[in-house]
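Take a look at the structure set out below.
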Amino acid sequence: MANVISFLTRTRGIGKLHWTDWLTYGYLFLGVLLMFLPVIWLGLSSFKTEAELERFPPRIIPMQQETIIVEGYDEPLPLYEIVSGEFEGETLAQIRRVGLVAQMIRPDNPDERLKVDINDRQAIEKFALATENYSELFDRFNFFKFFWNSVFITSVATMIMLTVNSMAAFALSKYQFTGRMVVLGLVIGTLMIPQTVVLVPLFLITKELNMADSLWGVIIPGAATPTGVFLLRQYMLTIPDEILDAARMDKASEWKIFWRIIVPLSAPAIAVLAILAIMWRWNDFLWPLIVLSSNDNFTLQLALNSFQGEMNTQWSNLLAMTMLVLLPIACVFVFLQKYIATGIASTGGK
Amino acid sequence: MSQLVLRDVRKSYGDLDVIKGVDLDIAKGDFCVFVGPSGCGKSTLLRMISGLEKITSGTISIEGRVVNDLPAADRGLAMVFQSYALYPHMSVRQNLSFGLENMRLPKAEIDAKIDQVAKMLQIEQLLDRKPKALSGGQRQRVAIGRAVVREPTVFLFDEPLSNLDAELRVDMRGEIASLHRRLGNTMIYVTHDQVEAMTMADKIAVLRLGEVEQFGAPLEIYNNPCNIFVAGFIGSPRMNFVEGRVDSIADGTLTVLTTTDERITMAADRFDTNVGEGVTVGIRPNHMSVTDLATADFKVNVRDTEQLGGESFVYGKTGQGAAITVHLSGQTRFEPGSEIGAKLDSEHIHLFATGTGLSLRKGAV
């Protein structure tokens with residue numbers, strides 16, 4: 001721990017701050033702010049009530065008005081402090097508000113109704129987390145269904161993609177056959193065709209194959225990606241052919257060479273591709289939106305979208321769900337990011 | 001009976017002929033070395049025997065069975081690669097067992113074989129290490145162990161010692177030779193180092209440009225090289241060559257007049273040549289001695305000397321400009337720049353036809 005602190009607080013100047021210290025720490029602080037401010041704002045806002053979210057000017061910290069349960073009233077009543085006028089200094093609960101006048105009562109004397117000018121009172125607020133934003137997701141919306149759909153699509157699609165891509169890359173990197181470069185050229189060539197151009201034909205094919213509005217319709221069309229094939233091929237080129245020859249002399253079938261030699265030796269590149277694939281699939285929005293139509297098949301991203309109505313948007317739930325959608329991918333990144341750095345460095349990929 | 005027979009084996013990549021018709025008979029239990037300069041096709045020939053490389057035409061048979069279309073795994077051979085080609089992600093034990101597992105041997109048998117081989121090659125304490133934690137010599141042992149454990153009929157070695165330092169190379173050379181004595185298997189060994197070839201082989205095949213120049217026992221090749229290429233390639237330091245022309249054959253004496261008008265005489269009955277024919281005289285450095293300029297066969301301008309204490313080498317040039325090396329036992333006092341006379345031991349003179357490079361020795365093919 002002492003090491004971490006001394007590392008983080010290292011300076012160029014000894015005893016005092018050199019001007020480069022100011023510059024670097026300032027720059028780093030700005031970077032942290034730029035990166036984290038939106039996330040922090042999202043996290044705090046996801047705990048705000050709908051009313052708090054619409055408040056202008058906005059506040060950073062989620063606050064709620066204090067309420068009190070008064071005998072004779074079903075709902076808890078909001079509490080106000082009266083700052084001027086007849087009841088100055090008292091704490092009153094509001095029953096209802098009519099125009100510029102609020103009907104209020106004393107909590108200890110609920111029978112006597114008082115009329116207070118709304119400018120004379122000030123809401124009593126405290127720090128409170130609106131956890132109902134989250135609990136509602138599970139009670140009122142089928143969060144687990146969406147979550148399962150997303151997890152299913154992400155994991156199955158990633159596995160299929162890794163298998164298909166690594167096999168293609170193996171063939172393209174280790175076998176000599178006529179037309180090899182043509183095939184590779186075609187694979188790389190598809191990178192130049194924007195996805196939006198093939199969206200309609202792809203949808204028609206998916207529909208013909210009866211995969212519209214099914215999770216497989218999202219999974220199958222993206223099973224092979226040119227980026228993945230290219231990334232893995234470049235890595236597999238670095239595996240010496242002599243190792244494959246040795247395995248052939250050891251009576252290993254080509255299938256066995258692939259699983260026992262090529263796949264373990266390409267693990268760093270495959271890990272990179274796995275992380276990228278998980279991120280692509282988890283965050284994918286457009287293609288699931290086109291293929292999936294029934295509510296039951298929605299992924300989290302589509303469910304998020306459905307919070308945003310034409311007339312109004314349920315910001316509180318939307319923000320809470322965005323938080324939940326971010327969490328798994330953040331965890332994946334935290335645990336696997338060292339593979340990204342090492343893998344990308346060694347593949348020379350992007 | 002020959003265990004491995006190659007008949008008119010050829011390999012071409014498009015228009016490029018890499019192996020141009022090789023015929024070889026390798027007897028069971030022989031240690032056969034393919035030697036040649038780099039690019040001569042020796043490694044390709046080995047890979048063709050192993051089955052890793054397809055042959056364009058001809059036949060390869062192992063124990064009487066033509067194996068042209070048999071995949072590498074089914075030929076019953078094992079190969080040790082130049083880069084060792086150990087599986088980097090497997091421990092030494094897994095490296096050794098991989099081939100046996102593929103042959104579907106029972107686990108107990110695999111373990112027994114591995115233990116036996118590990119003991120023989122002294123790699124028992126390394127069995128749980130990964131290849132990257134081994135030194136070059138240890139990796140070499142494991143690579144050999146991986147071949148031995150499969151009990152092949154023929155071992156193939158593709159320049160296995162070229163990545164080791166000089167001292168280790170000598171050690172491993174001895175170990176491979178003793179392994180051969182112990183196992184008695186046929187071994188084919190590819191190298192560009194003629195010292196390895198001379199010290200290890202029962203039979204040497206000298207290759208050049210995809211053709212076998214000469215095939216025979218090491219000393220037979222050393223003593224009776226069939227052409228000027230083999231003569232120059234085998235033997236270290238290499239044979240000296242002096243250009244000339246047969247001047248006279250009389251009284252059982254053959255005289256060669258060199259291009260610098262010096263006369264070299266030898267017994268005529270050893271050679272098959274005619275007066276006037278252009279010849280190259282070949283003589284090994286240890287078959288020369290230094291004499292007075294008067295009695296010398298030809299003069300040598302000393303360029304440099306190498307004193308090894310017990311022996312010494314004199315490097316120089318003839319009047320023709322050809323490089324000459326003289327091997328002398330003991331120490332020498334010649335200064336660079338001086339001129340010395342070289343006397344040839346006429347018993348050991350080789351003659352080659354100038355155009356074709358073929359040996360003119362009687363009975364040479």
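What follows draws every value from the coordinates through simple rules; no lab data is involved. Predicted model only: the values in this text are computed from it and were never measured. Virtual Cβ from ideal backbone geometry, glycine too; neighbours counted across all protein chains shown.
In table form, for the structure just shown:
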{"item": "Sorted by Cβ neighbour density within 10 Å, fewest at the top, the residues B:T253, A:T299", "result": "B:T253, A:T299"}
{"item": "Longest to shortest principal axis, alpha-carbon extents of the range B:242-365, angstrom", "result": "41, 27, 26"}
{"item": "³J(HN,Hα) computed for each position of the range B:63-76 - Karplus, 6.51 cos²θ - 1.76 cosθ + 1.60, integer Hz, glycine/proline x", "result": "6, x, 10, 6, 10, 3, 9, 7, x, 3, 5, 9, 8, x"}
{"item": "Whole-angstrom gap from the range A:40-103 to the range B:325-362, using each part's C-alpha centre", "result": "113 Å"}
{"item": "Residue mean of other protein chain beta carbons inside 10 Å, A:238-245", "result": "5"}
{"item": "Residues B:F334, A:F230, sorted so that the one with the fewest Cβ neighbours within 10 Å comes first", "result": "B:F334, A:F230"}
{"item": "Given B:K42/B:K203; B:K317/B:K343; B:K20/B:K54; A:K48/A:K115; B:K11/B:K42, the pairs whose alpha carbons are separated by over 19 Å", "result": "A:K48/A:K115"}
{"item": "Whole-Hz ³J(HN,Hα) from phi, Karplus 6.51 cos²θ - 1.76 cosθ + 1.60, for the range A:79-90, glycine and proline x", "result": "9, 10, 9, 8, 9, 7, x, 5, 9, 3, x, 8"}
{"item": "Amide proton proximity set for B:S338, modelled H, under 5 Å, gap of 5+", "result": "B:V302"}
{"item": "Cβ-derived FRET efficiency at R0 22 Å, B:L168 paired with B:D115, nearest 0.05", "result": "0.30"}
{"item": "Mean separation of Cα contacts under 8 Å (6+ apart) over length of chain A, as relative contact order %", "result": "18 percent"}
{"item": "Simple spin-label estimate for A:I14 and A:L286 in nanometres, 7 Å along Cα-Cβ", "result": "5.8 nm"}
{"item": "Aspartates and glutamates with Cα under 16 Å of A:K174, excluding same-chain neighbours fewer than 8 positions away", "result": "A:D241, A:E242, A:D245, A:E254, B:E53"}
{"item": "Whole-Å distance, taken between Cα centres, linking the range B:106-184 and the range B:1-33", "result": "26 Å"}
{"item": "Footprinting exposure proxy for A:Y25, B:Y87, A:Y175 (fewest neighbouring C-beta atoms within 10 Å first)", "result": "A:Y175, A:Y25, B:Y87"}
{"item": "Relative contact order %, chain B, counting alpha carbon pairs below 8 Å whose residues are six or more apart", "result": "15 percent"}
